[in-house]
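Since the structure comes first, as structure tokens, the remarks are kept for the end.
The values are calculated or read from the model by the stated rules, or taken from the named source; none is laboratory data. Remember, it's a predicted structure, so these values are computed and weren't measured experimentally. Cβ: placed from backbone, ideal geometry, glycine included. Neighbour counts: every protein chain shown.
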Amino acid sequence: MAEFDYNALAELFPTRGLPRRQSFGYKRFAKAALAIRFAMEDLPRGCLVGAFLEVNERRCGCNDIVACMKARTNPLARRGAL
């Protein structure tokens with residue numbers, strides 16, 4: 001994604017309608033890069049579909065989150081494989 005600020009404050013909103021026993025709800029991150037890594041590596045796959053990330057008043061859907069994770073400009077190294 002062009003001009004994405006990986007260092008900006010980010011809010012992650014996982015898919016609505018998660019079972020109540022899931023503990024994956026709204027989360028706020030000091031850096032967008034951390035939110036992206038959490039979404040890609042820690043959220044169950046089913047929770048990523050329909051999720052969105054808000055950074056600098058801009059919403060990024062699940063496809064955008066994946067693109068940001070794969071981008072060369074992403075400052076964080078992956079912990080696991082895609």
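Where the second residue is outside any loop (DSSP other than H, G, I, E, B) and of a type in the set (Val, Ile, Thr) and the first is farther than 16 Å from Cys47 by Cβ and modelled with pLDDT of 90 or more and lies in the range 57-78, which pairs have Cβ atoms under 8 Å and are six or more apart or on separate chains?
Here the result reads Cys68/Ile36, each pair linking the range 57-78 to a residue that is outside any loop (DSSP other than H, G, I, E, B) and of a type in the set (Val, Ile, Thr).
Mind counting the residues in the range 24-39 that are in contact (Cβ under 8 Å) with a residue 40 or more places away in the chain and either over 12 Å from Cys68 (Cα atoms) or among the small types (Gly, Ala, Ser) (or both)?
Qualifying residue count for the region: 1.
Collect the residues in the range 25-38 that are surrounded by fewer than 19 Cβ atoms within 10 Å (Cβ to Cβ) and either at pLDDT below 70 or touching a Pro at 6+ places or on another chain (Cβ under 9 Å) (or both), keeping them in residue-number order. Talk me through it step by step, then tell me what you get.
Keep residues of the range 25-38 that are surrounded by fewer than 19 Cβ atoms within 10 Å (Cβ to Cβ), which gives 25-28, 30-31, 34, 38.
Residues satisfying the conditions are Gly25, Tyr26, Lys27, Lys31.
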